[in-house]
1. Please compute the contact order of the stretch 2-425 in relative form: average sequence separation of alpha-carbon pairs under 8 Å and at least six residues apart, divided by the residue count, as a percent.
2. Return the calculated 222 nm mean residue ellipticity for the chain, to the nearest 500 deg cm²/dmol, obtained by summing -39500 (n - 2.57) across DSSP H runs with n ≥ 4 and dividing by the residue count.
3. Give me the number: length gained by fully extending THR130 to VAL221, i.e. 0.36 nm times residue separation minus the C-alpha to C-alpha distance, one decimal in nm.
4. Modelling each spin label as a point 7 Å along the Cα-to-Cβ direction, I'd like the THR429/HIS180 distance in nm, to one decimal.
5. Relative contact order (percent) for the stretch 233-293, with alpha-carbon contacts under 8 angstrom and 6 or more residues of separation?
6. In what sequence do ARG387, ARG622 fall when counting other Cβ within 10 Å, fewest first?
7. Quick one: if you stick a label point 7 Å off each Cα along the C-beta vector at LYS43 and ALA614, how many nm between them?
8. Is there a pair in LYS113/LYS701; LYS162/LYS214; LYS317/LYS495; LYS555/LYS590; LYS579/LYS602 whose C-alpha atoms are over 18 Å apart, and which pairs would that be?
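Just so you know, all these numbers are worked out from the coordinates, no wet-lab data involved. Keep in mind it's a predicted model, so treat the numbers as computed, not measured. When we count neighbours, we look across all protein chains shown, and the Cβ atoms used for this are built from the backbone with ideal geometry, even at glycine.
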Amino acid sequence: MLKFRTKNNIKLTLLTTAILAVSCGKKEKEYFDTKYTKPEIVKEASSDFKSPKESLNSFYLPEGYEIQLVASEPMVDEPVTIAWDGNGRMYVAEMNTYMQDVDGTGTNRSISKIKQLIDTDGDGKMDKSTVFIDSLMLPRMILPLDNGELIVNETYSYDLWKYTDTNNDGVADVKKRVFHIPKRRGGNLEHQQSGLLWSLDNWTYTTYNPIRFKFTKDKVVADTVANMPAGQWGLTQDDLGNIFYATAGGENPAYGFQHPPVYGDYSPKERLEEGFMETFPIVGTPDVQGGPKRLKEDGTLNHFTGVAGQTIFRGHKMPSSMYGDLFIPEPVGRLIRRAKVNNIDGLKVLSNPYYQTEFLASTDLNFRPVWSETGPDGSLYVVDMYRGIIQESNWTRKGSAIRPVIKRKGLDKNIGRGRIYRIVHKDFTPDKQPKLLDKTSKELVSYLGHRNGWYRNTAQKLIILRADATVIPMLKEIALNNQSTWSKWFGEDDKDYGLERIHALWTLEGLEAIDKELIISKFKDEDPRVRMTAIRISENFLKKGATDLFQNYEKLALDPSTEVINQLALSLRFSDSKKATSMLKSIQRKHQEHQIIAHSAKESLKKDDERLVALKDKIKDRNNNHISNILRGYDSYNQLCITCHGPDLKGVQNEDGSLVAPPLLGSPRVKGDPKKLIKILLNGLIGEVDGKEYGVMMSLKDNDNFWIADVLSYVRAMNDEEALQAWAVGKVRNQTKDRKDYWTLKELNKSK
């Protein structure tokens, strides 16, 4: 495996070193030095399949790191996501029908699988495989619960199913639906929900849908969250439950992570260091959807486009400087970006610690990293779909820029394989397979302060699922402790006591055993992260109308940590009392120059979705049926269209100021002939729009007539035009039923 060293970015390195010194107590050796050899770029690589051994030789990594094969074909086939149960058994979701040719023929066959992989001899390589579930429709979300239980979601469905292996043979034999929405989810397979991330707050989050779930021993609770970030493929969280979203459609590698998603999406441009969007592949990227404008002079991808399956590394068997970093797979560029998450006075800013290169890159054209995870063994795992085409058929049709390249390189022939890797470091030995499912609830409590975030989260999840009240006194004892935090992480105790208290508090919350006195005592904890946690959990009392917490809040409003003050500003939105409003206004005045606190206070003072309030006022004089259509369209727009066209319908801006998609406000297509507008949604659009190139507008014909009519009714309402009805969409759909190609505006303007 080829290696490289990196060049210092002086400003960033000084900042990162200072942050690490505060957060970790000490900084282990890392390879951010001045010796740098730029990897040689292969401008025109062969698309031939490589053996796993050959692929391993195609990777570039920083000095000291090594990539190891965990599983490959035929053990896995078209893998897209992974998850481990408490005993380290790996579940792998496969999309076995994904793009088996350039037209996506046969995609919607229910023959996909979820496999269970086990490393029986502890060497880090999987050697036992069973088909846990067969005959699935493109499974996209998996969440292991307790022993033998797996929650699964399939493409085109909102439903969640619990599969259980009752006899421990690696094959599920019981199936039960635990969440149901009867209608089929529309859209193509790339623009559907992903995630099922059990977050620190005991809610499980997905992308796209403004819905979160709470799994308990006996039931599943669904909750709607207004203004939650949308996201696309993959979710990850940091130690405090801030969730990182990404979207390939909007070419946005990371957003929504300034605070937990329950407070809405706040993604200022400053969250990405200048130049962060530029990518540094080491192989020519001919198969990029945007064509030549997306390429550098050397033929490589010039910025993020296919981002997917990101993770915050929270493992314990890597250099300490890697802990808390964000890893972003970019399957189009055949690379993985490592991003430092720098906290600059409360603003989280992502930066690339390597000089004009990436953490991981490959010259193998079939390397398609689509998922990453922190493993139970403390190393970093990567799911490689290992295939030729990585774009869904909406983007590979005749007329697209990418189709001729696919044919020329023979990428459409490269199917039916897959690899799973782990990245390790020469100075560390990965842990062996865990056995948390075999532990009692009391034994699980001891893992709430483990250095590996996977252990902490899994132990918390299992305790809550078991609903074992006998551990409540132990959890309270841990929570009430007030030992020092930062310095002991790498001490003899091998534990972060602050994080242990945080998980103890959230575990108590999940067991519905939290009490106000405990929370008030934690307002004084010496660790600001614990004080923030106590404020978040106190929202449970605010929502019930409690006002006796405000004398404590007044002291927290003067906290030396701006992050604690910001959390208070976020949480006060859940109280309708005059005291809350007065305190928020005071915080806003005092911290008007602080970008994060000022924003949080402003949003909390709104207490309602301003966009929705304005929309309702705008359409209040329309008839009730049309109002219903428009409001449904508003919800659908926020689940899909917003990632490219933006919340204001003016188009999402790229880093250079250009737009991802054309504006919909004032658009002559939106304000013009409804039939042409319907045609665009049914078959998509390609070519220039108002003198500019935006790439491909995908077909939305997989959605039913009501969905399309509702979305267009909302967009047209924002342009003061009339609503559309489903029958009008059906009429156009029938007239154009034989058309498979995109429309161009030139062709549409000629059509009758």
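1. On the way: 1088 pairs, mean separation 77.3, N = 424.
That works out to 18 percent.
2. My calculation for the chain gives -8000 deg cm²/dmol from helical runs alone.
3. Between THR130 and VAL221, full extension yields an extra 29.7 nm.
4. Distance between label points: 5.2 nm.
5. The normalised contact order for the stretch 233-293 reaches 19 percent.
6. Details: ARG387 25, ARG622 16.
With the sparsest Cβ surroundings first, the list reads ARG622, ARG387.
7. Inter-label distance under the simple model: 4.9 nm.
8. Too far apart for the 18 Å limit: LYS113/LYS701.
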